[in-house]
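Data block below; observations after.
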Amino acid sequence: MADTTPRAEAVPRARLSPRKRQRISRGIQYAVFAAAVAAVGFGADWASLAEYFADLDVAKEAFPELITVALKNTVIYTLSAYVVGFVLGLVVALMRLSSVAVYRGVALVYIEVFRGLPALVVFLIFGFGLPVAFPGLEFPFEQYGTVAVALGLVAAAYMAETFRAGIQAVPNGQLEAARSLGMPQTRAMVSIIIPQALRVVIPPLTNELILLFKDSSLVFVLGVTSLTTELSKFGGDLAAEHADSTPLVLAGAAYLVITVPLGYVVRRLEAKQRKAR
Amino acid sequence: MADTTPRAEAVPRARLSPRKRQRISRGIQYAVFAAAVAAVGFGADWASLAEYFADLDVAKEAFPELITVALKNTVIYTLSAYVVGFVLGLVVALMRLSSVAVYRGVALVYIEVFRGLPALVVFLIFGFGLPVAFPGLEFPFEQYGTVAVALGLVAAAYMAETFRAGIQAVPNGQLEAARSLGMPQTRAMVSIIIPQALRVVIPPLTNELILLFKDSSLVFVLGVTSLTTELSKFGGDLAAEHADSTPLVLAGAAYLVITVPLGYVVRRLEAKQRKAR
Amino acid sequence: MSTVSPAAPAVEIVGLRKSFGDLLVLKGIDATVEPGEVVCVIGPSGSGKSTLLRCVNLLEQPDDGKVIVNGVELTDPDVDIDAARRRVGMVFQQFNLFPHLTVLDNLTIAQRKVLRRGKAEADAVAFENLEKVGVADKARVFPAKLSGGQQQRVAIARALSMNPQVMLFDEPTSALDPELVGDVLGVMRKLADEGMTMLVVTHEMQFAREVADKVLFMDGGVVVEEGPAAQVISDPRHERTKTFLRRVLDPTHQDPT
Amino acid sequence: MSTVSPAAPAVEIVGLRKSFGDLLVLKGIDATVEPGEVVCVIGPSGSGKSTLLRCVNLLEQPDDGKVIVNGVELTDPDVDIDAARRRVGMVFQQFNLFPHLTVLDNLTIAQRKVLRRGKAEADAVAFENLEKVGVADKARVFPAKLSGGQQQRVAIARALSMNPQVMLFDEPTSALDPELVGDVLGVMRKLADEGMTMLVVTHEMQFAREVADKVLFMDGGVVVEEGPAAQVISDPRHERTKTFLRRVLDPTHQDPT
Amino acid sequence: TDSGPTSGNTAPGVTLAEAGKLKTCTNLPYPPFQFTQGGKTVGFDVDLLDLVAGKVGAKQEIVDIQFNVIKSGAALNSNKCDVAAAGMTITDERKQNLDFSNPYMDEVIALLVPKGSGITSLDQVRDKKLGVQKATTSLDYATGKGFTPTEFEDSGKQLQAFQSGQVDVVLQDLPVVNEWLKKQGLSDKFEIGAEIETGAQYGFAVKKGGNGELLKTINDALGAAIADGTWARLYEQWMGSKPKSTPGK
Ligand SMILES: Nc1ncnc2c1ncn2[C@@H]1O[C@H](COP(=O)(O)OP(=O)(O)OP(=O)(O)O)[C@@H](O)[C@H]1O
Ligand SMILES: Nc1ncnc2c1ncn2[C@@H]1O[C@H](COP(=O)(O)OP(=O)(O)OP(=O)(O)O)[C@@H](O)[C@H]1O
Ligand SMILES: [Mg+2]
Ligand SMILES: [Mg+2]
């Protein structure tokens, strides 16, 4: 089909060129933003905000315990639970990939239950249900041990899925290449598949660290002393004592100081992996 | 290179053929499992377990309120927060993709803060900090409104990232094809990109529903009545009252009845999408 | 086949330059496609062929130089770029059909939303073009149900449905199984015979030799050699062109580098 | 080139059947590769070529039939399959180099862990084979830094490092840029000249015609036609073979189906 | 650390969860019984139990935990602590899960209302939002009267919710309310509308059937403190007034 449209039908110039149109649209958006800022600026009760969210006197009281006790304990809870979750998660993941059906079944139930329940419910059952039923039950390192196991149980379910996904993310061709060189299954897993899977799981495992860090805010239901308190309870109690949210804001800032950079690292790693593929 | 290895060097038969070796290894694994089951079976105090985790008398008391009040409220909290999070999340996602730098900045800070803080801390600041600072503050629908907004604020941050990822997951070639057919940017977004992005985000959005369902277990910190209580508080209080974990087990089961099938749906959808690619 | 007219060129590219970050990809390209002419662009991977094509309908914004299509300078910042793009059809290596729309809707959506054609007219144009590429029977199915060759033919029909004055093809058969390449090349040959103006990036030397009026050989962001198809492919002047063609045309007679 | 010996065949396939779920992919294949012979398998997509190859080194478990390599029946359930696989080298379309290991380690890991060779010996074998395929200078880099052609040549060298008695190739050049195909085919031609027994799935008809002793044409899970390369490719007997070859060898002269 | 029954205490026969420590479970803040002041937990209960700690040669350590797991016995049964002390009322229901000491104070609960509202009884606030602390006798009392009050995790959150208008009136133990009203600004806005004598009494508790020796030590210490006037002195120090009645008399 020869194109019979007359050449003369020139391309119309836009009444407003895209460049101009964009400039106008952007102007409107800035205006909306400025209006919103102004509304907040005049509407908000700045005096109240400063008094209740940034009260220096109250803030002073929070230190140094906010760091030396609360943040320290939060980090201890998180890391110890991470270790428990990592080891248990690896075991569950291997069970999940086992050739023995009952292991797969047990692992599946474990994962489904612990991913499906709120951490709070796990803590309540674990922290009070079990000890009431079995009065002798004790964990090493007292509070720290109890928290590590309770939080670790929840983390293990997520980590098990991460490990499994990591192993399955290694292209099948890798295993086939290894087997076609005469490597037995176990050797191929150890030398070829697992080293590659570990790289894949670093970002989700770091993400799990962030989630655990936040979940550690729930250990208060297990009961804590002034020495084993963590960030959210410390901030919450001090806030209640003074009827002033400044300590909570400080505790929140302490969380962000850890979670935001870690989140950034996770996204960098993920982007790098996407590019490498 | 001609192969000079003598043909006679036959492939060795395995002393134990792989088939036999596998059968033995599997036998060992089953034996270990049986031993573990036996250890638990004899070691556990079944009478205690039954009394404290499956006490029929206590269970009877939990009904029908477990369903008619607690589960109902949990569902109401979750769904209303989901709606708030969806709308707010969409707005934040569009701000995040805006060409105006301040919008991108505001959206980024919002996302980082609300993803970086434990939901508990958000609830405490939101439930007690804000009302103390601004005594007039009220939400519609009382308790339900407060929870919807508090939980929705947290959900919005995650959903915003989901929406953004969904839009960016549509291959660039789709936008290029649309633009090369003469579609303006907005038209291409509406007719080509967003319909495809919506399909991509269905699994993560369903996942977010599961997470919200679990996070609703934290609304107790905002203060609830026996009419607005939800699953974990209902189960926890009843368990404390009877010093018996059966109500908690029932509440846990109620969570699982919702989260496990939803999780299954998510994985089915994800697998389908992976295959479609 | 070649219907060179005294009118202005269909596509005129003048001093086109484009870099990505520090990487200078197009180092000043000049080229012309006359109305009704078929021009093939060949060259090694990374030489800038796709970038050149994408600059012609402004999927990439050139850093410098002019692109003039049928007398309208697309690189003029005040031109209505959406209106201008409608005159230029583009076919991609990866087809880029809209997977959420049926084949028919793939062909009608831009007609209706952009050209504001009614449903009846848009459908008629769509079917006419689907007939032309031989997949009219697939109008109601979704792209995922089609073979690669069928998808690419639908993509060609989709571009044709906007009544473009020029068609750009970027390696349209590279993603296809060898057995399916022929169908698509057949459609392109038919289009050329009907007088469509075409600018084609391809590795199919036989197609270039038989169908193209002119061949450009690009390497390292410049046009190294340019001339009638028979001459450039069968009797190249430049050493780099010779090496490239020897490798592509006769892959088995060669030692590892 | 063909050095048919009075000894047993290098590969013998008898009545091989394989299905995936309800899909019967191989419907009883019989084939023989003599020592030193090069056999090419051609055929349309989905005809079962890859499955056949993968059954030969038991990457897929056949449902029925026998595979005998150098007198050892691999399909015997009591054979040490890992030991048997070492005698058969395999080269994949997607290269499948180990991305976390350097080129050298890709070549030595199986030698050391499976054949229990010492480091010095494994390195020597690796370098010898890297020389042979022309990428010895890349021994210390990671696969991601290599072009597709270089990766595939490394993959060939990796397989050779296990001193296989037979080499299997599954479309070794299909994932390569056209310009890089030649290097890999060159290496394969050299291997064939040196007397390696090879079973090659390929779409490169020129290679098959020039290098193969025998060509099998498969379609729909059966061997439709089998014979000397020149005969099957230049003068096929069966209609389906003729259609296939016409499409592959002359893609531009064809109407859309 | 030792686990389970240990020796190493000076008082014979008394076993502690952790040698050398008398662990006390409570729910903070609960002024004037237990609350944090300058980083330390102080209060009436704290001082009374310090007497007990002295007798067993241990140092008191406070474990802050939800009140419902205190009253259910779970906190004690799981060895989180040796004794529960949280301004806790002795009730028949709680007796099933805990072994209570002798009472150490009579319980009075108060209805705190906005100043000048004229409210003097619970019956006047039927249409208002009532705030209580989770799992307390105030909650039981209000539910008994047909209310569905909003329940807060601890008295601190209850007060904050009241101050910010999330609830209109609150029900809480009188000593706690008195302590609140000492806070700057609160007595200008709020007042006690009604004092309700429940007839119940406060007591400490140990693990059900698990620690008779400790319970005896507690009762001995309480008896001695009441007898020698220490109890009355501490009462006046923390409650701000002389005791109207003396438990066990
Ligand atoms: N969007 C981009 N950002 C950065 N670099 C780019 C981009 N697009 C192309 N390039 C680079 O520009 C160079 C030319 O790319 P181009 O796609 O034009 O080559 P080509 O000749 O089409 O190659 P091929 O035959 O592989 O398609 C390459 O080095 C490529 O990596
Ligand atoms: N693991 C598998 N599971 C299910 N079906 C499979 C599997 N592998 C191959 N098939 C199917 O078996 C048939 C033959 O596949 P095969 O890969 O052997 O064909 P082929 O001749 O190699 O084709 P191509 O030229 O595209 O590589 C195809 O229909 C394919 O979809
Ligand atoms: Mg290109
Ligand atoms: Mg194949």
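The values are calculated or read from the model by the stated rules, or taken from the named source; none is laboratory data. In this text the structure is predicted, and so the values were computed from the model without any measurement. Methodologically, a virtual Cβ is constructed for each residue, glycine included, from the backbone with ideal geometry; neighbour enumeration extends over all protein chains shown. SASA here: full protein model, heavy atoms, side chains in, ligands and nucleic acids out. Shrake-Rupley method; radii C 1.70, N 1.55, O 1.52, S 1.80 Å.
When segment C:148-165 is filtered for residues that are under 23 Å from C:Phe207 (Cβ atoms), surrounded by fewer than 22 Cβ atoms within 10 Å (Cβ to Cβ) and away from ligand 4 (no atom under 16 Å from the Cβ), only C:Gln165 remains. Of C:Val184, C:Val200, all but one fail to be open to solvent by less than 10 Å² (accessible area, probe 1.4 Å), at pLDDT 95 or above and either within 14 Å of ligand 1 (Cβ to nearest atom) or in contact with a helix residue (DSSP H, G or I) (Cβ under 6 Å, 6 or more places away or on another chain) (or both); the exception is C:Val200.
Select from segment C:166-178 the residues that are more than 16 Å from ligand 1 (Cβ to nearest atom), touching a Ser or Thr at 6+ places or on another chain (Cβ under 7 Å) and open to solvent by 10 Å² or more (accessible area, probe 1.4 Å) and list them in ascending order. If the condition is that a residue be more than 16 Å from ligand 1 (Cβ to nearest atom), touching a Ser or Thr at 6+ places or on another chain (Cβ under 7 Å) and open to solvent by 10 Å² or more (accessible area, probe 1.4 Å), then C:Asp177 is the only one that fits. How many residues are in contact with a Lys or Arg (Cβ under 9 Å, 6 or more places away or on another chain) and β-branched (Val, Ile, Thr) if we restrict to segment B:235-260? Within segment B:235-260, residues that are in contact with a Lys or Arg (Cβ under 9 Å, 6 or more places away or on another chain) and β-branched (Val, Ile, Thr) number 2.
Note on segment E:33-87: enclosed helices (runs of 4 or more DSSP H) holding 1 or more residues that are closer than 25 Å to E:Asn178 by Cβ are E:44-56, E:67-71. Between a first residue in segment B:112-131 that is on the phi < 0 side of the Ramachandran plot and a second residue that is outside any helix (DSSP H, G or I) and open to solvent by 20 Å² or more (accessible area, probe 1.4 Å), which pairs have beta carbons less than 8 Å apart while being 6 or more apart in sequence or on different chains? Cβ pairs passing all conditions: B:Leu130/B:Leu137; B:Pro131/B:Leu137; B:Pro131/E:Gly165; B:Pro131/E:Gln166.
Checking each residue in segment B:172-205 for being without any contact (Cβ under 8 Å) to a residue 24 or more places away in the chain, farther than 17 Å from C:Cys55 by Cα and more than 8 Å from chain C (Cβ to nearest Cβ) picks out B:Gln185, B:Thr186, B:Ala188, B:Met189, B:Val190. Filtered by the rule that a residue be more than 16 Å from ligand 3 (Cβ to nearest atom) and open to solvent by less than 10 Å² (accessible area, probe 1.4 Å), segment C:74-96 gives C:Leu74, C:Val79, C:Ala83, C:Ala84, C:Val88, C:Gly89.
Listed here are the strands (runs of 3 or more DSSP E) enclosed by segment E:137-249 that have at least 1 residues being in contact with a Pro (Cβ under 6 Å, 6 or more places away or on another chain): E:190-202. D:Val11 meets the stated requirement of being closer than 27 Å to A:Gln185 by Cα and at pLDDT 90 or above.
The residue list D:Pro236, D:Pro228 contains one member that is away from ligand 1 (no atom under 16 Å from the Cβ) and closer than 26 Å to D:Val67 by Cβ, which is D:Pro228.
Considering (1) within 16 Å of ligand 4 (Cβ to nearest atom); (2) under 20 Å from D:Asp219 (Cα atoms); (3) touching a residue at least 12 places away in the same chain (Cβ under 8 Å), the lone condition that D:Ser45 does not fulfil carries the number (3). So B:Ala148 passes all but one of these: (1) free of Cβ contacts under 8 Å to residues at least 60 places away in the same chain; (2) closer than 24 Å to B:Asn207 by Cβ. Which condition number does it fail? The number of the failed condition is (1).
Scanning segment C:122-146 for residues that are outside any helix (DSSP H, G or I) and either open to solvent by less than 40 Å² (accessible area, probe 1.4 Å) or touching a residue at least 60 places away in the same chain (Cβ under 8 Å) (or both) yields C:Gly134, C:Val135, C:Ala139, C:Leu146.
If the condition is being within 9 Å of ligand 1 (Cβ to nearest atom), away from chain D (no Cβ under 14 Å) and under 18 Å from C:Phe207 (Cα atoms), then segment C:30-62 contributes only C:Val41.
All conditions in (1) more than 14 Å from chain B (Cβ to nearest Cβ); (2) modelled with pLDDT under 95 hold for D:Leu104, with the sole exception of (2). Looking only at residues of segment D:209-226 that are open to solvent by 10 Å² or more (accessible area, probe 1.4 Å) and of a type outside the set (Asp, Glu), we find that the one that is nearest to ligand 2 (Cβ to nearest atom) is D:Gly220.
When segment D:193-226 is limited to residues that are away from chain B (no Cβ under 14 Å) and at positive phi, the one that is nearest to the chain's Cα centre (by Cα) turns out to be D:Gly221.
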